[in-house]
Amino acid sequence: MNFSSLAIAKVVFKRTWLKTLRRPVALTFSLMQPLMWMLFFGFLFHRYSLDEMPAGISYLDFLVPGICAMTVLFGASQSGIELIRDMQTQFLNRVLSTPASKTMLMVGKVGADTSRLIIQSCLVLFLALALGAKLQLSILPLCHMMNSLILFSIAFCSLSCFIALKAQSQENMATFVHLVNMPMLFTSTALVPSKQMPDWLARIAQFNPLSLVVNNSREALLFNNTPEIQSSILPLFIMATLLFLLTSYTLRSIQLN
Amino acid sequence: MFTDTTEIVSLKGINKTYNNNITALKAVDLLISTQEIIGIIGANGSGKSTLLKIIAGKLKPEQGYTKVFQLDAVQQNEQLKNKVSYISQDKALDPEMSGKESLHFFSALYGLSGTNALQRINTLIDSFEMNEFITRRINTYSGGQIQRLHLAIGIIHEPQLLLLDEPTSALDPTGKAFLWDFIQTYQEKGNTIVVVSHELDDIQQYCPHVVMLDKGEIVANALPHTIIQTNSTPILHIKTIEKLKDINNLEEQLLKISSSINIQFKEKSARLVFNNNVGPLKPLLFHQTIQIFAREQTVTECRWDDSGLANAYFKLTGKNIVKPSNNKNKKGKRNLL
């Protein structure tokens, strides 16, 4: 890696952010969505009994880590839509005609989307505090939570870009977003503890990567804990690396007319 | 003439068929020398854009080889990206970015940085006269402004071989003049330009080397005036003030001059297409034709049209100069439109 490679990632990062900021309606909606989930679910289930949680933890407290992870999931799954737009305007074709490293193009793109999603998750945290959620905010556990969110974001932004490169149409991309988001959310521990799920659903939730991110975040925000890296971060790291490499390879080998 | 040692593109036995079994190129051989301006002409679907994409290494032919700067255009494409630029018909710009942002973006992708990048961008903005609009978002640009930016991005890395796919489409006369001026200036700097276009007059005027394609085959590959000299069909245009009278009689008289003419009559004009080489008989035929028409009407214009590339194009590609009509006489030669 040299300066020129970093410059490629930097301009792609900058362009992705520019485009995000120039679409204030889409940006506002993506911020409003987790807030609405937090408000509606938080208040709808505020009497919901959390059997396995210590006393004093409200449903809103329990929900906040789930909403943070959900914000990343929903945002990351749409990362590829921008690639589809670039394919339709032939802009991606032009970018791929340059000698720029395809891996660095992906670093810039996924880096920009991930940084946006992490900022959105932080905003969700602030809003939760404003709504009265009681959260632990120690540096080390928070860093652990952020690492989980970052790796999860890298994995799902990469997966979304991979699907976009293969599907090459907005309709197919929308199908992917709908197919992934809701089933992943409802088969995870984001909204309900696994012990209060039907057994079959609890088993699925155990292998759902979103559950891992939610559990890591919950450990940090509710119990001020930092779980072991091997079981909490390593699976996410492997998933993020594999999906990122797969997408970079696909971008290198793709044939656009 | 086109086999000198400074050739930078060499195509041999290129065959390309698309998935739907449509043959795009058949046994194409082509050499392009350094510092040439080459015009590629042909009907829609004749294989012009395919040829350009094969030179750019964007398409892989089923047979044959393409060497560009002595490198395999497909296998060694990465090494060619700094030397070759393929500028497509699609403008391929991001409408939400400004022109300046786009220039900075692509300069970084081509590895330009710091002062070099800034200097190059400023030079392009000045030479393409883009100062007035370059900071605005692209979705506010006119067609001509978009084309300028499109070209400027295409040459940001100063490629030695520039491949332009129909660059004049949708340009007004000022835009076209600007584009051809740019092409000539860029060639004078030592670069080679290949232009695909339907604008035959422009190609004839600005391209010293013309390649004509028909159904995927090269039917002419020479200087424009050589193509015209060897392939044009003599056509005589006549215009009158009054409506043409007694067309059957006119036709009879004209067929006495030469039996192998296709005649196309309109209300106040006629077009005589001579199917064989009239050569030295041209002044005589000209005089006799005027005499025939002048008997019943006033002739305002009579001129030969055999100097254009379009004329040679029609002959080489076997396209009809006289449009077919149901209103034919027994010899099947007259078309009354």
Checklist line | Failed item, numbered, when B:LEU124 is tested on (1) buried (at least 21 other Cβ atoms within 10 Å of the Cβ); (2) in a helix (DSSP H, G or I); (3) touching a residue at least 40 places away in the same chain (Cβ under 8 Å) | finding: (3)
Check: Residues in the range A:53-74 that are surrounded by 11 or more Cβ atoms within 10 Å (Cβ to Cβ) and either in contact with a Pro (Cβ under 9 Å, 6 or more places away or on another chain) or aliphatic (A, V, I, L, M) (or both): how many?
Finding: 14
Next item on the list: Output the residues belonging to the range A:115-131 that are more than 22 Å from A:ARG15 (Cα to Cα), in contact with a Cys (Cβ under 9 Å, 6 or more places away or on another chain) and in contact (Cβ under 8 Å) with a residue 40 or more places away in the chain.
Entry: A:VAL124, A:LEU125, A:ALA128
Checklist line | Hey, B:ALA170 at positive phi, under 23 Å from the mean Cα position of the chain (by Cα) and either within 14 Å of chain A (Cβ to nearest Cβ) or among the acidic types (Asp, Glu) (or both) or not | finding: no
Next item on the list: Could you tell me which of the residues A:PHE176, A:PHE186 is surrounded by 15 or more Cβ atoms within 10 Å (Cβ to Cβ) and under 21 Å from A:ARG85 (Cα atoms)?
Entry: A:PHE176
Notebook entry, point to check: Across the range A:236-257, what is the number of residues that are loosely packed, with under 14 Cβ neighbours inside 10 Å and under 18 Å from the mean Cα position of the chain (by Cα)?
Noted result: 3
Checklist line | Test: residue in the range B:115-135 that is under 26 Å from A:SER101 (Cα atoms), modelled with pLDDT under 90 and within 13 Å of chain A (Cβ to nearest Cβ) | finding: no
Check: Consider A:PRO198 against the criteria (1) in contact (Cβ under 8 Å) with a residue 40 or more places away in the chain; (2) more than 22 Å from A:CYS157 (Cα to Cα): it satisfies all of them except one. Which criterion is unmet?
Finding: (1)
Next item on the list: Using the structure shown, decide if B:GLN63 is of a type in the set (S, T, N, Q), surrounded by fewer than 16 Cβ atoms within 10 Å (Cβ to Cβ) and under 18 Å from B:LYS12 (Cα atoms).
Entry: yes
Next item on the list: Could you name every one of the strands (runs of 3 or more DSSP E) located completely within the range B:1-112 that has at least 1 residues being closer than 21 Å to B:ILE227 by Cβ and either within 14 Å of another protein chain (Cβ to nearest Cβ) or modelled with pLDDT under 95 (or both)?
Entry: B:7-17, B:23-33, B:37-42
Checklist line | Looking only at the range A:76-88, and only at residues there that are away from chain B (no Cβ under 13 Å) and in a helix (DSSP H, G or I), the one that is surrounded by the most Cβ atoms within 10 Å (Cβ to Cβ) | finding: A:ALA76
Check: Residues of the range B:179-208 being out of contact with any Phe, Trp or Tyr (no Cβ under 7 Å at 6 or more places or on another chain) and closer than 29 Å to B:THR23 by Cβ, which ones?
Finding: B:THR192, B:VAL194, B:VAL195, B:VAL196, B:SER197, B:HIS198, B:GLU199, B:ILE203, B:GLN204, B:CYS207
Check: Taking the range A:15-30, which residues are in contact with a helix residue (DSSP H, G or I) (Cβ under 8 Å, 6 or more places away or on another chain) and at pLDDT 90 or above?
Finding: A:ARG15, A:THR16, A:TRP17, A:LEU18, A:LYS19, A:THR20, A:LEU21
Next item on the list: Please note which strands (runs of 3 or more DSSP E) are completely contained in the range B:142-243 and include at least 1 residues that are surrounded by 14 or more Cβ atoms within 10 Å (Cβ to Cβ) and of a type in the set (D, E, K, R).
Entry: B:161-165, B:209-214, B:217-222, B:235-240
Next item on the list: Run down A:ALA7, A:ALA26 and say which single residue is facing chain B (nearest Cβ under 10 Å), without any contact (Cβ under 8 Å) to a residue 60 or more places away in the chain and either within 19 Å of A:LEU185 (Cα to Cα) or assigned to a helix (DSSP H, G or I) (or both).
Entry: A:ALA7
Next item on the list: Out of the residues in the range A:102-150 that are β-branched (Val, Ile, Thr) and away from every other protein chain (no Cβ under 14 Å), state the one that is surrounded by the fewest Cβ atoms within 10 Å (Cβ to Cβ).
Entry: A:ILE139
Check: Out of (1) free of Cβ contacts under 8 Å to residues at least 12 places away in the same chain; (2) under 30 Å from B:ALA152 (Cβ atoms), what's the single condition that is false for A:LEU44?
Finding: (2)
Next item on the list: Please list, ordered by first then second residue, the pairs with beta carbon atoms under 6 Å, 6 or more apart or interchain, first in the range A:137-155 and farther than 19 Å from A:LYS109 by Cα, second not in a helix (DSSP H, G or I).
Entry: A:SER138/A:ASN224; A:LEU140/A:THR226; A:PRO141/A:ASN224; A:PRO141/A:THR226; A:HIS144/A:THR226
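One line per residue, one yes/no per condition, for (1) more than 18 Å from A:ALA164 (Cα to Cα); (2) within 13 Å of chain B (Cβ to nearest Cβ); (3) in contact with an Asp or Glu (Cβ under 9 Å, 6 or more places away or on another chain):
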| residue | (1), (2), (3) |
| --- | --- |
| A:LEU18 | yes, yes, yes |
| A:LEU31 | yes, no, no |
| A:PRO65 | yes, no, yes |
| A:ASN93 | no, yes, yes |
| A:LEU96 | no, yes, no |
| A:ALA100 | yes, yes, no |
Item checked: Hits in the range A:29-41 (condition: crowded, with 16+ Cβ neighbours inside 10 Å and free of Cβ contacts under 8 Å to residues at least 40 places away in the same chain) -> A:TRP37
Item checked: Conditions (1) within 18 Å of the chain's Cα centre (by Cα); (2) under 20 Å from A:SER79 (Cβ atoms): number failed by A:ASN172 -> (1)
Check: Within the range A:89-114, restricting attention to residues that are assigned to a helix (DSSP H, G or I) and without any contact (Cβ under 8 Å) to a residue 40 or more places away in the chain, which residue is farthest from A:PHE156 (Cα to Cα)?
Finding: A:ARG94
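The values are calculated or read from the model by the stated rules, or taken from the named source; none is laboratory data. Owing to the predicted nature of the structure, the values given are computational and were not obtained by experimental measurement. No Cβ is skipped: glycine too gets one built from the backbone with ideal geometry, and neighbour counts run over all protein chains shown.
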